[in-house]
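First the structure, in the form of structure tokens, and then the observations on it.
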Amino acid sequence: TKYRPIASIPFAGRYRIIDFSLTNLTRTGISNVGIIVPHSYVRSLRDHIRGGQFWDLNRKNGGIFLMHPTIDSEIGKGNLGNFRSNLEYLCKSRENHIIICSAHLIANIDMQSIIESHEGSGKDMTIVYKKIENDIKAYRGSTSIILDETNSIKRFGMVVDSEERTNISLEIKIIKKELLIKLLMSGVQNGLIGDFNKFIEHNIHKISSNLYEFKGYAKFINSTKNYFNVNKDTLKKEIREELLLSNGGISTKINDTPPAIYKSDSKVSNSLIANGCIVEGRVKDSIIGRRVVIKKGAFIENSIILHSCIIEEEVEIKNVIIDKSVIITKNKKVIGSTEFPLVIEKKSFLDG
């Protein structure tokens, strides 16, 4: 995230993380989307989203909007201050309800069923959650929801490794627009800053709430380790089909690249290879982005390589995340650990 927000980090070879939230929203017919941008590193996000045409958001009425802080002192302070700076966007919108979701959640969700649950409940807000009984460590630091004996929200907490099971907030909420504006105005008057989800949770006792349980695959990208592991999950057929193919698939920016070329000496197993690649070496248990060149004798295992990299002859790569436009010259060994994969910055030149 040194050069880009989490939302625009490449995922599974051909997508960006924000593609999941944008697709989840727009496939239900939502045509007015605002993206809260808490800092100034947005060039890659702008380049990916363009005018929103890949999600049918390039339109006269509605469309896609990047919501920046309006004063420099609010940059990096969290999305509550950014909401405050962009209240006009909410006030001018014609919609009666607002869907709030995270740009760093990897999940393929049928939002229509959540909308129907919200409308049927008659409540002011619906919160989407997931029951977790295994792999608690993957959700470390996420918001947990503690329920009372009537399955109503008692309070919110934070996931710790010692828990055996818990309910995770997926940071998806549907809330009445008038109530949201009222809460934001209250926050402005009290000088509050920070994370908007935490602000809502702090005020939960003032809001009648409905809960919706999501039972599919859902993981947050909030660390290098999670990014590595969630990418690797897409190598599992059942997870890949759910994430990338169900509900009509995930929309992303179109890149007009030709199919990958596999030379006679290449050998690929249990890997995702994106369009535009030229593979002469061996690839195992890895994800390779667009336009990557893997030359003869190179061996890549358990790694993620983003687009436009060149891996030269006899290079060995294992347990590594390589950002875009990296060149690794002949006969180099680049090896990390499965617990802490090595990260190579973009546009690096490894020679010597």
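The values are calculated or read from the model by the stated rules, or taken from the named source; none is laboratory data. In this text, all values refer to a predicted model and were calculated from it rather than measured experimentally. Cβ atoms come from the backbone with ideal geometry, glycine included; neighbour counts cover every protein chain shown.
So for the range 154-164 (the condition being touching a residue at least 40 places away in the same chain (Cβ under 8 Å) and surrounded by 13 or more Cβ atoms within 10 Å (Cβ to Cβ)), does at least one residue qualify? Yes, there is a match, as at least one residue in the range 154-164 is touching a residue at least 40 places away in the same chain (Cβ under 8 Å) and surrounded by 13 or more Cβ atoms within 10 Å (Cβ to Cβ).
Could you please give the count of residues in the range 138-153 that are over 19 Å from N197 (Cα atoms) and either surrounded by 13 or more Cβ atoms within 10 Å (Cβ to Cβ) or in the same structural domain as D233 (by TED's automatic domain parsing) (or both)?
To start, the set of residues in the range 138-153 that are over 19 Å from N197 (Cα atoms) comprises 138, 148-151.
In the following step, the residues that additionally are either surrounded by 13 or more Cβ atoms within 10 Å (Cβ to Cβ) or in the same structural domain as D233 (by TED's automatic domain parsing) (or both) were identified as 138.
Summing the residues that are over 19 Å from N197 (Cα atoms) and either surrounded by 13 or more Cβ atoms within 10 Å (Cβ to Cβ) or in the same structural domain as D233 (by TED's automatic domain parsing) (or both) in the range 138-153 gives 1.
The condition (being under 24 Å from the mean Cα position of the chain (by Cα) and of a type in the set (G, A, S)) is satisfied by just one residue among G122, G141: G141.
Look at V320 and say whether it is under 21 Å from K232 (Cα atoms), free of Cβ contacts under 8 Å to residues at least 60 places away in the same chain and more than 27 Å from the chain's Cα centre (by Cα). Even if it seems obvious, please write down each step before you answer.
Numbers: under 21 Å from K232 (Cα atoms): yes; free of Cβ contacts under 8 Å to residues at least 60 places away in the same chain: yes; more than 27 Å from the chain's Cα centre (by Cα): no.
Judged against the criteria, V320 is not a match.
Within the range 261-285, being assigned to a loop (DSSP other than H, G, I, E, B) and either within 11 Å of I311 (Cβ to Cβ) or in contact (Cβ under 8 Å) with a residue 40 or more places away in the chain (or both) holds for A274, N275, C277, E280, G281, D285.
Of the candidates S113, S117, the single residue that is at pLDDT 95 or above and surrounded by 15 or more Cβ atoms within 10 Å (Cβ to Cβ) is S117. The set of residues from the range 112-125 being touching a strand residue (DSSP E or B) at 6+ places or on another chain (Cβ under 9 Å) and under 16 Å from E95 (Cα atoms) comprises I115, H118, E119, D124, M125. Here V279 fulfils each of the conditions (1) loosely packed, with under 15 Cβ neighbours inside 10 Å; (2) at pLDDT 95 or above; (3) aliphatic (A, V, I, L, M) apart from (1).
I'd like the residue in the range 257-276 that is of a type in the set (G, A, S) and closer than 22 Å to T234 by Cβ and, out of all such residues, is surrounded by the most Cβ atoms within 10 Å (Cβ to Cβ).
Taking the range 257-276 first, the residues of a type in the set (G, A, S) are 260, 264, 266, 269, 271, 274, 276.
Then keep just the ones that are closer than 22 Å to T234 by Cβ; that gives 260, 266, 269, 271, 274, 276.
Working: A260: 18, S266: 19, S269: 10, S271: 19, A274: 23, G276: 20.
That would be A274.
Checking each residue in the range 1-36 for being buried (at least 19 other Cβ atoms within 10 Å of the Cβ), closer than 27 Å to C277 by Cα and charged (D, E, K, R) picks out R4, R14, R16, D19. Scanning the range 319-352 for residues that are touching a Leu at 6+ places or on another chain (Cβ under 9 Å), among the basic types (K, R) and either buried (at least 18 other Cβ atoms within 10 Å of the Cβ) or closer than 18 Å to V283 by Cα (or both) yields K324, K332. In the range 87-106, the qualifying residues are those that are farther than 18 Å from I30 by Cβ and surrounded by 14 or more Cβ atoms within 10 Å (Cβ to Cβ), and the one that is modelled with the highest pLDDT is I106.
Please tell me if K253 is touching a Lys or Arg at 6+ places or on another chain (Cβ under 8 Å), under 20 Å from P5 (Cα atoms) and of a type in the set (K, R). Here the answer is yes, as K253 does meet what is asked.
Table: residues versus (1) over 23 Å from R140 (Cα atoms); (2) in a loop (DSSP other than H, G, I, E, B); (3) at pLDDT 95 or above; (4) not assigned by TED's automatic domain parsing to the domain that holds P10.
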residue	(1), (2), (3), (4)
V188	yes, no, no, no
I193	yes, yes, no, no
N197	no, no, no, no
I200	no, no, no, no
G216	no, yes, yes, yes
Y227	no, no, yes, no
N231	no, no, yes, no
E238	yes, no, yes, no
L243	no, no, yes, no
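Going residue by residue through the range 103-120, is there one that turns out to be part of a strand (DSSP E or B) and within 12 Å of S209 (Cβ to Cβ)? For the range 103-120, residues part of a strand (DSSP E or B) and within 12 Å of S209 (Cβ to Cβ): absent. When the range 285-300 is filtered for residues that are of a type in the set (D, E, K, R) and closer than 16 Å to K263 by Cα, the ones remaining, listed by number, are R291, K295, K296.
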